[in-house]
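Right, one structure below, let's go through it.
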Amino acid sequence: MPLPTSRPTPSGGSGPDLPTATDSGTGVGAGSTGVGPSHMSPGEFRRCGHAVVDWIADYWQDLPSRPVTPPVTPGQVADRLPAQAPETGEDFGTLLQDLDTLILPGMAHWQHPGFLGFFPMTTSGPAVLAQMLTAGLNAQGMAWATNPAATELEQRVMDWLADLMALPDRFTRGGVIQDTASSAMLVALTAALWRRAGEQWRNHGSGPGYTVYTSTEANCSVHKAVRLSGLGDLQLRRIPVESHTQALRPDLLRQAVEADLSAGLTPVAAIATIGTTSTTAIDPLPAVADICRSHDVWLHVDGAYAGVAAICPELRWINDGLEHADSYSVNTHKWLLTGFECSPMWFADPAAVTQAMTVTQSYLREVTGDPRQAPDYRDWQIPLGRPFRALKLWFTLRWYGADGLRAHLRRGVELARIFADLVRGDDRFEVVAPSPFGLVCFRLRADCSVNAQLLKRLNAGGDILLSSTDVNGRFTLRMAAGGTATTADHIAHAWSRIRAEADRLTGTGHRSG
Ligand SMILES: *Cc1c(COP(=O)(O)O)cnc(C)c1O
């Protein structure tokens, strides 16, 4: 693929092998005559763009031969980069070359089939190509009027997704795509404060009297949202979990809410989780919802990783109790192949969030519509501007179809089941929490320090990556299947590595049957 090797000079001249402005029609970069910025012409864009698509396809193909995580030390990548941006423009071929030589060796490869740590952050061909289209359109959908098609497509695909996941009817037409689950959390808390404290909150902010409830196992984004909403750490009640399931104990939640009410405090919101980050525990939604309803507490449900599993009918039991949630969010950028970032969120009553967030400005007059006709999504999120994220969700849902999505989710669940069986078959190990999705939490029946050493040795090999957590205070390894390219072979390989390292650490041979 011949790439432009020289570029138009700032005075508008161009090298002999470069397309001229006239040979590719009009568009961004076309028609640069005289002194002006040297935008990429449509012809150059076409050639460079094809090279980029080839680059990505090669990258995905070659991933298994790369180390999952780079053997670099802090500062090593930065030290190889110039201290200043270039004064004159460089050609695109050089940029791609530097990507290969300077950047790739310092990357952790999240799409590597041996990447089994944290949660998978999946993407797919259709999602990446849709992101490219979104980038090319580069339209800003802060209001219906600033991007009508994006707004209406978002509403429609959010209804599609709600339907695929068999969500309660109350969420129909209540969907919005946030950047991340953390944003969804803060937006939900803001709507909750507005619903509970109205003008008092809007005029005077969140005082010391408001309280928020979640489990000790909730994602750190709950804590962050509490702080960002102007509440203090002491206003967040962390309810203990049941030790075997790691799920929130509703009896202790009820006690905490009632104690705060007797003390004259105002319980505002509770955050329950479907699939906690540590172990994929599922809080008892019906019991939590019951407590919330009796005290007018906003219930936000965080299904960031596991919520999309409800696309499979056999996993739909996880939705039990969602019919009483005020808001719900999932990350399709984790398990559902849409690429980062894409966090669908639903409100039972969108007016709660739009009333909490609307700020009128004269310069937005022309683009403020009637929310009953079409949403101005800027009032459903933290930033004013927003990219056209619905396109990648639309492309992904259509490319795979519901059966394709189910096949992908089921493979993740199946690989976790296979892995958990292997772990259970070796009496040196134990599985330490239920694993209904793609994550298995396990450990050697040994000291925490031995388990920490095991993880360190496993990850040093470069062929797999696992992560860790604490379960009931003990160091635990996490194996998360569900990556786009991860197959049974990769899981079998991971297990053989784990067994081999365990042999070395414990000085024992294989005891598995
Ligand atoms: C990953 C995760 C989050 C945070 O997701 P972001 O989109 O990165 O903000 C929140 N909650 C749970 C349960 C998660 O697993």
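The values are calculated or read from the model by the stated rules, or taken from the named source; none is laboratory data. As the structure is a computational prediction, the values presented were derived from the model and not from experiment. In this analysis, Cβ positions are derived from the backbone assuming ideal geometry, glycine residues included, and neighbour counts consider all displayed protein chains. Just so you know, the surface numbers come from the protein's heavy atoms only, side chains and all, with ligands and any DNA or RNA stripped out. Shrake-Rupley method; radii C 1.70, N 1.55, O 1.52, S 1.80 Å.
Straight-line cross-link reach from residue 456 at under 12 Å between alpha-carbon atoms covers these aspartates and glutamates, not counting any fewer than eight positions away in the same chain: 501. In this Cβ point-charge picture (+1 for Lys and Arg, -1 for Asp and Glu), the range 58-183 has a dipole of about 420 debye about its Cα centre.
Shown is the FRET efficiency for residue 489 and residue 223, computed with R0 = 51 Å from the Cβ-Cβ distance and rounded to the nearest 0.05: 0.85.
So what is the 222 nm mean residue ellipticity for the chain from helices alone, if each DSSP H run of at least 4 adds -39500 (n - 2.57) and you divide by all residues, rounding to the nearest 500 deg cm²/dmol? Could you put the intermediate results ahead of the total?
Working: 13 runs with 193 residues, N = 513.
Calculated from helices alone, the mean residue ellipticity at 222 nm is -12500 deg cm²/dmol.
For the pair the range 170-196 and the range 305-340, the centres of their Cα atoms are 15 angstrom apart. Backbone N atoms of the range 160-180 closer than 13 Å to the 7 Å Cα→Cβ label point of residue 323 belong to residues 167-171. Sorting the segments 72-83, 138-149 by their residues' average number of neighbouring beta-carbon atoms within 10 angstrom, most packed first, yields 138-149, 72-83. With R₀ fixed at 56 Å, the C-beta to C-beta distance from residue 102 to residue 474 puts the FRET efficiency at about 0.85. Across the options 400, 506, 420, the greatest Cα extent toward the positive end of the charge dipole of the chain (unit charges at beta carbon of Lys, Arg, Asp, Glu) belongs to 506.
Between residue 424 and residue 262, the modelled labels are 4.3 nm apart [label points 7 Å from Cα along Cα→Cβ].
Quick one: putting +1 on the C-beta of Lys and Arg, -1 on the C-beta of Asp and Glu, what dipole do you get for the chain around its Cα centre, in Debye to the nearest 20? It would help to have the intermediate numbers written out before the result.
Working: 43 positive and 51 negative charges, 149 e Å.
The dipole magnitude comes to about 720 debye.
Counted residue by residue at 0.36 nm each, then reduced by the alpha carbon distance between them, the extension gain from residue 132 to residue 156 reaches 6.5 nm. Ranking 73, 448, 43 by how far each Cα lies toward the positive end of the dipole of the chain (charges on Cβ) leaves 448 at the top. Over the range 140-387, the alpha carbon radius of gyration divided by the compact-protein estimate 2.2 N^0.38 Å works out to 0.97. 3J(HN,Hα) couplings calculated from phi for the range 321-326 with the Karplus curve 6.51 cos²θ - 1.76 cosθ + 1.60 (θ = phi - 60°) are, in sequence order, x, 4, 5, 10, 7, 7 Hz; Gly and Pro show x.
Placing +1 on the Cβ of every Lys and Arg and -1 on the Cβ of every Asp and Glu, with nothing else charged, gives the range 395-506 a dipole about its Cα centre of roughly 160 debye. Our coupling estimate for the range 81-98, obtained by passing each phi through the Karplus curve with A = 6.51, B = -1.76, C = 1.60 and θ = phi - 60°, is 9, x, 6, 10, 5, x, 6, 10, x, 10, 7, 5, x, 5, 4, 5, 4, 5 Hz, Gly and Pro reported as x. For residue 392, the lysines whose Cα falls under 19 Å of its own Cα, not counting residues fewer than eight places away in the same chain, are 334. The range 206-273 and the range 81-99 have Cα centres spaced 50 Å apart. Would you be so kind as to identify which of 198, 318, 359 lies farthest towards the positive end of the dipole of the chain, taking Lys and Arg as +1 and Asp and Glu as -1 on Cβ and the Cα centre as origin? Farthest towards the positive pole: 318. Database remark: amide H of residue 376 closer than 5 angstrom to the amide H of 144 (H placed geometrically; neighbours at sequence offset of 5 or more, or on other chains; Pro and chain starts carry no H). Projected label points at residue 293 and residue 446, each 7 Å from Cα along the beta carbon direction, are separated by 5.1 nanometres.
Rolling a 1.4 Å probe across the protein heavy atoms gives the chain an accessible surface of 45 Å² per residue.
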